[in-house]
Amino acid sequence: MSEFKQLVFSGVQPTGNLHLGNYLGALQRFVALQDTYECIYCVVDLHSLTATLVHDDLAEQTRAIAAAYLASGLDPKKNIIFNQSRVPQHAELAWIFNCVARIGWMNRMTQFKDKAGKDRENASLGLLAYPSLMAADILVYRATHVPVGEDQKQHLELARNIAQKFNNDFSEHIATHGYGVEMEVGEERVNGFFPLTEPLIEGPATRVMSLRDGTKKMSKSDPSDLSRINLMDDADTIARKIKKAKTDPEPLPGDVGGLEERPEAHNLVGIYAALAGTTVQEVIRDYGGRQFSEFKPALAELAVEKMAPINAEMRRISADPGYVDGVLREGGERAGAKAEETMKMVREIIGLLDN
């Protein structure tokens, strides 16, 4: 019996400007993964509707995310790059997963509680069911790995729960049609249709924090533009934002343990390490004991060196929307063919008539 082929899936919402946190936490890692995995990278435009239903520039935002993918170094021939709404099988499988998942699972999602706030009864059903669509995004390709930040681990765990419940509920049908694939669940080898997707979490800056508050994640929705470095910021803007980044009056510590109670210092050191492709320990070895007045200029110089080429390439690619649309169209066709292979088997397993 065959095993699941290793496949990576991930996506980014087309809402707001992409920033340094998106690059270090996602795009940079996407580029590295394309050399060792088959990868599918999506602009999850349907997910953006849970944040704001009516967008004045959704198409442009979608193109901007695709341009960032390409400018960061993703190869559209080596990877599949597309926007989610081009492949209706995502929504089809999401509905099936809505019927597999339990309401209690959704109510426990931390992000739903945070985004819905105290007025949960007035939140959209889409916001509540968001993780079910995320599970469908991953599993419609039967992806085995997803690069995620710490804040997305709960959603991936839900995707694993949905996959396991589907496998259990339809175990006899899966076996009857011969669609079972062998996989490890704990210490056992079992058969199932959907894989229990694994997270890929690595690197010194998997979670980049705000430049104005080291206890909060760098966010596209933060009202202060000084809280983030946007991928479209020019060199002067990047240097100015790092200069204004919040710090404390003490010099950098002589060891990594000294960063634990200093969130802003920890954040800036982590950003430097991620940009330089080194470790926090090595940054502290080189800059421990120095004042931020010495460290910040070095960080600004490094950030400009790394981000300026991406900025220039994003502007070049964005100036040719026809090229971007072509990449998304071709990627959508390739993704759709893969997704339909999965859905034909899902329909047969469930018993849905399929032409």
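General remarks:
- Choice from Leu196, Leu46, Leu259 showing the highest fluctuation, given a GNM over the chain with Cα pairs closer than 10 Å: Leu259
- Leu125 paired with Asp234, simple spin-label distance in nm, labels 7 Å along Cα-to-beta-carbon: 4.9 nm
- The mean sequence distance of close C-alpha pairs (under 8 Å, at least 6 residues apart), as a share of the length of the chain, puts its relative contact order at 23 percent.
- Using distinct alpha-carbon pairs, which all enter the 1/r mean, Kirkwood radius of the chain in Å: 21.7 Å
- Among beta bridges that DSSP assigns inside the chain, antiparallel share in %, nearest 5: 30 percent
- Between the residues Asn122, Ala163, Val283, the greatest Cα displacement towards the positive end of the dipole of the chain, with unit charges on the Cβ of Lys, Arg, Asp and Glu, is found for Asn122.
- Here, the stretch 72-196 is characterised by an Rg to Rh ratio of 1.00, where Rg is the alpha-carbon radius of gyration and Rh the Kirkwood radius.
- Out-of-range pairs (alpha-carbon distance over 28 Å; input Lys216/Lys244; Lys217/Lys296; Lys5/Lys78; Lys220/Lys243; Lys118/Lys241; Lys220/Lys244): Lys118/Lys241
- GluC sites (Glu not before Pro) within the stretch 187-249: DSSP coil, no more than 16 neighbouring Cβ in 10 Å: Glu187, Glu202
- Theoretical gain in end-to-end length, Lys344 to Phe4 [0.36 nm per residue, Cα-Cα removed]: 120.7 nm
- Normalised by the number of residues in the stretch 225-317, the mean separation of alpha-carbon contacts (under 8 Å, six or more apart) gives a relative contact order of 38 percent.
- A simple charge model with +1 on the Cβ of Lys and Arg, -1 on the Cβ of Asp and Glu and nothing else charged puts the dipole of the stretch 225-317 at about 320 debye relative to its Cα centre.
- The convex hull defined by the C-alpha atoms of the stretch 264-305 has an orientation-averaged projected area of 2.6 nm².
- In this label model, His173 and Lys246 are separated by 5.2 nm, measuring between points 7 Å along each Cα→Cβ vector.
- Computed from point charges on the beta carbon alone (+1 for Lys and Arg, -1 for Asp and Glu), the dipole magnitude for the chain about its Cα centre is near 540 Debye.
- A Cβ-based charge dipole, computed about the Cα centre of the stretch 77-126 with Lys and Arg at +1 and Asp and Glu at -1, lands at about 260 debye.
- The alpha carbon convex hull volume per residue for the stretch 225-317 rounds to 87 Å³.
- Between Arg108 and Asp325, the modelled labels are 4.6 nm apart [label points 7 Å from Cα along Cα→Cβ].
- Other residues whose C-beta falls under 13 angstrom from the C-beta of Leu20 contribute a net charge of +3, scoring Lys and Arg +1 and Asp and Glu -1.
- Between Ala265, Pro309, Pro251, the Cα set farthest toward the positive side of the dipole of the stretch 225-317 (charges on each charged residue's Cβ, about the Cα centre) is that of Pro309.
- Taking a span of 18 Å or more along the helix axis (Cα atoms) and a mean Kyte-Doolittle hydropathy of at least -1.0 as the rule, the DSSP H helices of the chain that qualify are 58-72, 125-139, 263-276, 292-318, 321-350.
Taken together, the values in this text are just the output of simple stated rules run on the coordinates, not laboratory data. A quick note: this is a predicted structure, and the numbers were derived from the prediction, not measured. For neighbour counting, all protein chains shown are included, and Cβ atoms are generated from backbone atoms with ideal geometry for every residue, glycine included.
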